[in-house]
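**Student:** Structure below; questions to follow.
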Amino acid sequence: MDGTKQSGLVKFKDNLFTVKDSLLGSFIRSGAPTSDRSRTAIMFNNFFLHVQTVKTHINTLRPSYTLGMGLIALFLMIIAFISGIFLMVYYNPSIENAFNSVKDINFVVSGGKLMRNVHKWSGEAMIIFVLFHMTRVFYTSSYLRGREFNWLIGIVLLVLTFLLNLTGYMLPWDQLSYWALVIVANIIAAPLEMTDIMGVTKYFDIGGISKELFLGGLVPGKEALNRVYLFHIMLLPAAILIILGVHFWRIRKDGGLTRPDKFDRKDTDTTYITPPDKTGDIFPTYKTYGLMELAKGKTPAVDNDVENTVLSWPNLLIAELAVMMFTLAAVVAYSFYIDAPLKELANPAIPENPAKAPWYFLGLQELVGYSAFMGGQGIPMAALLGLALIPFLDRESEHTGIWFSNKQGLTVTIISFIVGTVGLIGTLAFTIQYGWFRNWWPNIPQIVIVMINPGTIWLGFVMIWSLATIKITGSTRMGAIALFTIFLVSYIILTYTGTVLRGPNWDFFWSQSEWPIH
Amino acid sequence: MHSRFYLSLLLISSLVLMMFIGMGVYREMTSEWKTYQTEYKNMLVRNAEDDAARKRAEKLEIGLRQNYVASLNKSDRCMSCHIGVENPYMAKADQPFTLHSGDYIENHPVDKFGCTICHYGQGRATNKKEAHGKGHTHWDYPIIPTKYIQSACAKCHDYKMLQEEGAELVVKGEKLFREKGCRGCHKLNGVGGDLGKALDGIGSKPRAYYAMKHVVGEHTAYNWIKQHFDDPRAIVPTSEMRVFMEEDESDLLTTYIFSIREEEMPSKYRFLKNIVTPPRDGESLYKMFCVACHGSGKISVYDEIFDRTIPAITNPPFLRSADNKTIKNIVMEGRGGTQMTSWKTTASGLKEEDVDKIVEYVASSRTYERPEPFNYLEFQTNIDSGMRLYNNRCSYCHGKEGKGGNRQLGINLKNSTVQQVLDPEFLALTIRDGREGTPMPSFGGDGLGLSDQNIADVVAYVKTFGKKK
Amino acid sequence: MKKLVFLALVLSLFIVDTSDARKKKKKYEVIDVTNGGSITGTIKAASKVDDPVMKIETKKPDEVEFCGTEFQSNMYIISPDLGVKNVVVALLKVKQGKAMPEKDYVINNLKCQFEPLVGLAFKGNNFVIKNSDALFHNTNLGIQLKGGKKRAVYNLALPNLNQVLKKKIKTKGVHSIKCDAHPWMRAYVYSSDSPYAALTDDSGKFEITDIPAGTYKVLIWHEGFGEVKQEITVEAGQATTLDHTFSK
Amino acid sequence: MRVFKILALFMAIALLLISSPDFISAQDEDAEYDDAAYEALLEKGKEYYNARCEACHGADGDGKGFVDIIRVSEKNGRVLEIYPRDFTVGVYKFRSTATGCLPDDKDLMGTVKRGITKSLMPPQDNISSEETEAVVEYVKSFSERYEEEDPCDQISVADPPVWVASEKSIEKGKKIYKDMKCWECHGDLGKGDGPKSNDITDDWGKRLLPFNFVTGELKRGSTAENVYMTFTAGLDGTGMPSYQDTLNEEDRWHLVSYTLKLMGLTESDKKTASH
């Protein structure tokens, strides 16, 4: 009974002397895992790790399958979040001081310029990698077999990524910000074109009201900046975090990443994996388990392919760590050399010429050039709707996990790519060379142009093209590939046109060096 | 370990990251201003006269220096590099350490005024390129060349003081601005002509306000204004600006132009004791509003810029036939279709009494009494005969339709002034007596032999121009 | 055949005739002058006139160095007994007489001045215009007309050192020569359509010889004093004296 | 037969006379004395002259009409004082004959028809060729020079070589412009502001300003041929000398190229202007 008689002080003393170990022990409960069992345990027990499965399919670890796109996008977002918090410390969201505080971040804050560059470039890179990720998911038919909902969430995430970037673009309150804000406000007000045509603007000015709501007034000013700031640092990040959680949750619930039904191991796979160490093996390769009995769909282990899985610790984690460092290193290296743009203080009296939205919206701006409503809202909505509907209109799940589905898929991709490139460049070239209806018949009603302009014609063509593909190949998957390929090509070409080929007054130039000197 | 691919990716990426972080730190450590400050410190230590001074020099802290002037809303970090600007020992040092020239710094201590309030440039920037705002630095107000620096003085000081205390360039510029007749075309504070752009706040206009296409050298507002003064059409090919500079006049005017600013200085900075209102007598007003086109007004000149003849308005023959009322009418109404705009108060902001003064001044060289009257109304006119005579005798200079201009020497006869404001008697007198000092010959009497009846016919015909559309 | 020759003859006659018909004034005719008279004399000034010093104003710094800033004009070179140098004395409208001298007249652009300042040239010969400076000169030669006007005869560019141009002397009278690039440069040449012209020497003396007897108009011209025309009768074998005193 | 031969002879003479360039002037000179047709022509010219020319050029052709001096302010503020031509001296700038020569009648007729818009001499757009001839004869009659001197031959100008106004030729012309000291009067950039530009007077003693190429408006017409002719013939009565003996034909054309460049009249200039 000595122990019980030990005085409280002695106990306290003992505790005090062991506080280092016990404190550490409570953080690192299990220490470095040494056996498969402990490797498994750590995946279960760690909050951050448990979103991943204990065992990971080799297919998931193959860089050639995922290309790491989703992960890179995730890490870019994390980098942007962290650097964003850093910037938030110094940034002052008022039109008097926003510009100056950004200048101060550039000039005075130690490492401020680098941090701003990192924030800017990681944010913009996120758009690219989210799109790449989507491309990968699409071409490997990974939107099927219960993943339809996650595809929709992905599209929401894409839109959120765009919005986060856009709102961030407006914060420095320089000429770029201001005129991008004006353009975006005008795109928001695009329904005005329709209501004008219908002659109901007086009673039902949906475009004007949306614009006013967005700007908090009729012209961009301090209210608009506050709103944009609120969106950028709170609403959109919160939304993206929550929805991203759902995204990951769904990946887990839908049975991890897709893989082909017939998976063959290759010799090269050993480059990416550490084979299971057999000591204390709790997952014999011949057994399958349903880890969560209520879960629908297939968990990775519940499959006949269990022999092709390896433990997530260390295989998956090393892969993730490597991608993270790669992303970070690439962003920092890029930011080291390339500075984020910052132009003159916003000046409502002097429009930028050309006033351009951020580059990722220049495809839209190109379309807006034809019709404000169709380009700004109609066609993007149609494109998003088309993308969202893909998993529901194409239900051929047998191709899941295979790049381009099969040989025919690759052919369709290539043909669609060529047709898309040639067709769209032709359409643009025609429009640039010969103008459109307004140039030919100055008095033509606007409704005709809204309905029939290069953008809508192209949209119609894309629809017909994918329907024709379905008809010829007898496969909805091929139609989907045709549709998606052309969507991708269109986005790239339109963005390139808007970014590089459009100069002052939205005139055509081969390169910026040809712009008239201002 | 077998996951070679990911491990090597991890390794390489980590190394690259470390390298760039290291480079970033190095870049911070060796920033431009730090290098300068170290150099400055070494200089002080090296040149210290005694130990105390050396100790003080050694204690000099290396760090960003900033002048925050709240009432001017300026944060100037110029002294991070120009660290010796208030140190009298630095009088002979090279830039960026040199002492500020002159004695301005005594009355304008840096901590109360900052730097950019006079010199412009980007006060917040901490590297030379961006601080001076040169090249593609996206800064609206690059550092002002020293020859125009006096434009900043006029922000706070009155011209009398500027004249007496060493800022005579901007004073001269202001005088030139009045005497070159700039306001004949440009409005300032609501008073002036309509042909050119209003000049209010012109000095604060950002770089993007100017079309820099034809500017030689660096594309700054200073160069634009200066080169535009030197040769307006080299900068704006379609410009109708009639300004001809001698020697340094364009520099003086440029200096003045940059003192016309939008922003107003806080009252405690302003030092306006002796505000001398510029003279507003007839001669000054004539120079301010008329001289750019009419010059002395003694001779008429065919102007290639306007592509028409600018009439001589102070030569005696004109004044002989035009009374003050007629002249005032012309001034107030302007001459439609020509560069002569209306000078009514509503159009030009000029008060009617000022117009009266100008008219008086113009008429001051009237030497003769009214000429022998023509009595136009007593003639029975024949428009057909007038037309024949006009086509034969007048159309070579005034054009078949009386429009003048376009390489025709004659003035525009079709405009509303000639048609409505001037009475036929005046026209008849002009034709009969001609205008000495101008190419308009005398057609009556011994001259080119038109009888009074002929002249009356021509006048009648000329008066029909207004009716034709 | 004979007729053809006749035709050619008539034709050639006609052509010669037409070209002659254009000349209303008869050409100077060379004859053998035997026992001709002569004119001698002295041209004097009424009083001593100061020879002005002329200023050179140029905006080209290299010319200031090369040409100097002022020079003696040599307009009035008057001997102690008031004889005037560089006066042209010439008989006007001489129809016939001795042969024309065959001598080209050299105009030399030397050290920003023309050399000679005043000279006599005889029609039918050549002006030889020479640039001895490494400067741009142009030689703008013209007949002096009434009222300070001038009639251009040759305006030739000589931009290079040692450039020489040869031009026919085809006009008569007092010609002034100027260089538009150097407005202070000046020279005069009297171009005579007869051999009867002379220039006074340092003491103001001149002589014209072998003049067929008759009454002639004489031109006495000086750059500064102006010109005077007189009638003079020359008798065969006699020396006629012609004195003139210019007054200012 | 004989009659025929005589007829043939007269026809041959007539033919020869017509083909001879001297014929017309010969006719004129004779006509001055005895041809009534010539008198009529002069009368007609006088009528036209008095109606259209007298106001500026004066009844006696001495350039002292009622209009007096015409002042033209160029775009750079230079004021040209233009004196209507004094016909009594018989010196003309726009000739196609060598320096010091009388102009060809065609030169004068061209000037009358075209006008000199730069100096505000209006073009006579509806003048008939007989009227032109008449008025030119009348103008000629003011000067005794026409009685004293032989007209010279016209200098023939071939079409401009194809390389005129090409980059290379402009470069060569630029060098010639420098070597020939054109810049001493016309200025380095052809603005008529060279170091000598203030010292030039014409044969009437009036101050003259060298041509400002930047105006792009040559008085005799801004074509390559006219520029070439100016270099070749010089502008008599002004400070512009003839370069006929100083520059060979090719060099003169190179100089034309550079001049056109200064005047902004080359093809590439026109292109940039339309931009």
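Values quoted throughout were computed directly from the atomic coordinates according to the rules given, and no laboratory measurement underlies them. Treat the numbers as computed from the prediction; the structure is a model and nothing was measured. Cβ: placed from backbone, ideal geometry, glycine included. Neighbour counts: every protein chain shown.
**Student:** Ranking A:S142, A:S22 by Cβ neighbours within 10 Å, fewest first, what do you get?
**Tutor:** A:S22, A:S142
**Student:** When Lys and Arg each count +1 and Asp and Glu each count -1, what net charge do the other residues less than 11 Å away from B:D354, Cβ to Cβ, add up to?
**Tutor:** -2
**Student:** If you build the Cα gyration tensor of chain C and take the root of 5 times each eigenvalue, what three semi-axes come out, in whole angstrom, biggest first?
**Tutor:** For chain C, the ellipsoid semi-axes come out as 36, 28, 13 Å.
**Student:** Rounding to the nearest 20 debye, state how big the charge dipole of the protein assembly as shown is about its Cα centre with +1 on each Lys and Arg Cβ and -1 on each Asp and Glu Cβ.
**Tutor:** That gives the protein assembly as shown a dipole magnitude of about 4800 debye.
**Student:** Okay, moving on. Calculate how steeply helix A:407-434 sits against the longest principal axis of the alpha-carbon atoms of chain A, using the helix alpha-carbon long axis, and give the answer as 0 to 90 degrees to the nearest 10.
**Tutor:** Value to nearest ten degrees: 30.
**Student:** Could you grab the relative contact order for the stretch C:123-248? Cα pairs under 8 Å, six or more apart, rounded to a whole percent.
**Tutor:** So the answer I get is 19 percent.
**Student:** Name every cysteine in chain C that ends up alone, with no second cysteine's Cβ under 4.7 Å, or say none.
**Tutor:** Cys with no partner Cβ under 4.7 Å: C:C179.
**Student:** Could you work out the helix-only [θ] at 222 nm for chain D, with each DSSP H run of four or more residues adding -39,500 (n - 2.57) and the total divided by the number of residues, to the nearest 500 deg cm²/dmol?
**Tutor:** After summing the helix terms and dividing by residue count, I get -14000 deg cm²/dmol.
**Student:** Cα convex hull of chain A: how many Å³ per residue?
**Tutor:** Cα-based convex hull of chain A, divided per residue, equals 226 Å³.
**Student:** How big, in percent, is the set of alpha carbon pairs in the stretch B:286-462 lying more than 26 Å apart?
**Tutor:** 27
**Student:** Further question on the same structure: How large is the charge dipole for chain A, taken about the Cα centre, if only the Cβ atoms of Lys, Arg (+1) and Asp, Glu (-1) carry charge, to the nearest 20 debye?
**Tutor:** With Lys and Arg at +1 and Asp and Glu at -1, about 960 debye.
**Student:** Checking the a/c ratio against 1.5 first, then a/b against b/c, what shape does the Cα gyration tensor give for the stretch A:73-218?
**Tutor:** oblate
**Student:** Right, next: Percent relative contact order of chain A, based on C-alpha pairs within less than 8 angstrom and at least six residues apart?
**Tutor:** Dividing the mean separation by the residue count of chain A yields 21 percent.
**Student:** For the stretch D:34-65, which chymotrypsin sites (Phe, Trp or Tyr not before Pro) are in a loop by DSSP, counting at most 14 other Cβ atoms within 10 Å?
**Tutor:** Listed in order of number, the matching sites amount to none.
**Student:** To test your reading of the geometry: what angle, between 0 and 90 degrees and rounded to tens, separates the Cα axis of helix B:324-333 from the longest principal axis of chain B?
**Tutor:** 50
**Student:** Under a straight-distance cross-link criterion of Cα-Cα below 24 Å, which lysines are reachable from A:K211, leaving out those fewer than 8 residues away in the same chain?
**Tutor:** Of all the lysines, those that pass the test against A:K211 - Cα under 24 Å, at least 8 places apart if same chain - are A:K202, A:K222, A:K356.
**Student:** For the stretch A:365-518, just say rounded, prolate or oblate: build the C-alpha gyration tensor, square-root its eigenvalues into a ≥ b ≥ c, call rounded for a/c under 1.5, and beyond that prolate if a/b exceeds b/c, oblate if not.
**Tutor:** prolate
**Student:** Can you put C:C67, B:C182 in order, fewest other beta carbons within 10 Å first?
**Tutor:** C:C67, B:C182
**Student:** So what's the net charge close to A:P220: Lys and Arg +1, Asp and Glu -1, counting the other residues with Cβ under 11 Å from its Cβ?
**Tutor:** Spelling it out: positives minus negatives among the neighbours equals +2.
**Student:** Note the angle between two axes, namely the Cα long axis of helix A:8-17 and the longest principal axis of the Cα atoms of chain A, as a number of degrees from 0 to 90, rounded to the nearest 10.
**Tutor:** 60
**Student:** What net charge is computed for the residues neighbouring C:I78, neighbours being all others with C-beta under 10 Å from the C-beta of C:I78, Lys and Arg scored +1, Asp and Glu -1?
**Tutor:** Summing Lys/Arg as +1 and Asp/Glu as -1 gives -1.
**Student:** Checking the cross-link filter: which lysines have an alpha carbon closer than 24 Å to that of D:K46, excluding same-chain neighbours under 8 positions apart?
**Tutor:** Correct list for D:K46: B:K400, D:K64, D:K93, D:K106, D:K113, D:K140.
**Student:** What Cys residues in chain D have no fellow cysteine's beta-carbon under 4.7 angstrom?
**Tutor:** Singleton cysteines: D:C53, D:C56, D:C182, D:C185.
**Student:** Stokes-Einstein diffusion coefficient for the stretch B:32-143 at 10 °C in a medium of 1.306 mPa s, Rh from the Kirkwood formula over Cα pairs: what value in µm²/s?
**Tutor:** Taking Rh from Cα pairs, D becomes 108 µm²/s.
**Student:** Return the calculated 222 nm mean residue ellipticity for chain B, to the nearest 500 deg cm²/dmol, obtained by summing -39500 (n - 2.57) across DSSP H runs with n ≥ 4 and dividing by the residue count.
**Tutor:** -11000 deg cm²/dmol
**Student:** Please go through the stretch B:226-257 and write out the GluC sites (Glu not before Pro) that DSSP classes as loop and that have at most 12 other C-beta atoms within 10 Å.
**Tutor:** Listed in order of number, the matching sites are B:E246, B:E247.
**Student:** Going by average Cβ density within 10 Å per residue, which order do the peptides B:349-362, A:32-45 take, highest to lowest?
**Tutor:** B:349-362, A:32-45
**Student:** Determine the shape class of chain B: with a ≥ b ≥ c the square roots of the Cα gyration tensor eigenvalues, call it rounded for a/c under 1.5, and otherwise prolate if a/b is greater than b/c, oblate otherwise.
**Tutor:** prolate
**Student:** For the protein assembly as shown, place one equal point scatterer on every Cα, skip the solvent, and apply the Debye formula. What is log10 of I(q)/I(0) at q = 0.06 Å⁻¹?
**Tutor:** Calculated log10 I(q)/I(0) at the listed q: -0.88.
**Student:** Next question. Would you please name the GluC sites (Glu not before Pro) within the stretch B:35-111 that are DSSP coil residues with at most 16 other C-beta atoms within 10 Å of their C-beta?
**Tutor:** Those that pass, being in a loop and sparsely packed, are B:E49, B:E61, B:E86.
**Student:** To continue, here is another question. In chain B, what cysteines have no partner Cβ closer than 4.7 Å?
**Tutor:** Singleton cysteines: B:C81, B:C118, B:C153, B:C156, B:C182, B:C185, B:C290, B:C293, B:C394, B:C397.
**Student:** Another question, if that's okay. On average, how many beta carbons from a partner chain sit within 10 Å of the beta carbon of a residue in D:239-248?
**Tutor:** Counting Cβ atoms of other protein chains within 10 Å of each residue's Cβ and averaging gives 6.
**Student:** At 15 Å minimum axial length over the Cα atoms and a Kyte-Doolittle cut of -1.0, report the qualifying DSSP H helices in chain D, or say none.
**Tutor:** Both cut-offs are met by D:2-19, D:36-52, D:129-140, D:249-262.
**Student:** To the nearest whole number, what is the average tally of beta carbon atoms from other chains within 10 Å of the beta carbons of peptide A:101-110?
**Tutor:** So the per-residue partner count for this stretch is 5.
**Student:** Any idea what log10 I(q)/I(0) is at q = 0.07, 0.13, 0.14 Å⁻¹ for chain D, Debye with uniform C-alpha scatterers and no solvent?
**Tutor:** Summing over Cα pairs of chain D leads to -0.31, -0.95, -1.07.
**Student:** Which lysines have a Cα less than 23 Å from the Cα of C:K98, not counting those fewer than 8 places away in the same chain?
**Tutor:** The reachable lysines, counting only those whose Cα sits under 23 Å from C:K98, are C:K23, C:K24, C:K25, C:K26, C:K27, C:K123, C:K168, C:K170, C:K172, C:K205, C:K217, C:K229.
**Student:** In which sequence would B:R407, D:R95, B:R46, A:R252 go, from the one with the fewest C-beta neighbours within 10 Å to the one with the most?
**Tutor:** Exposure proxy ranking, most exposed first: B:R46, A:R252, B:R407, D:R95.
**Student:** Quick one: grab Rg to one decimal and Dmax as a whole number for the stretch A:1-92, Cα atoms only, in Å.
**Tutor:** 22.2, 66
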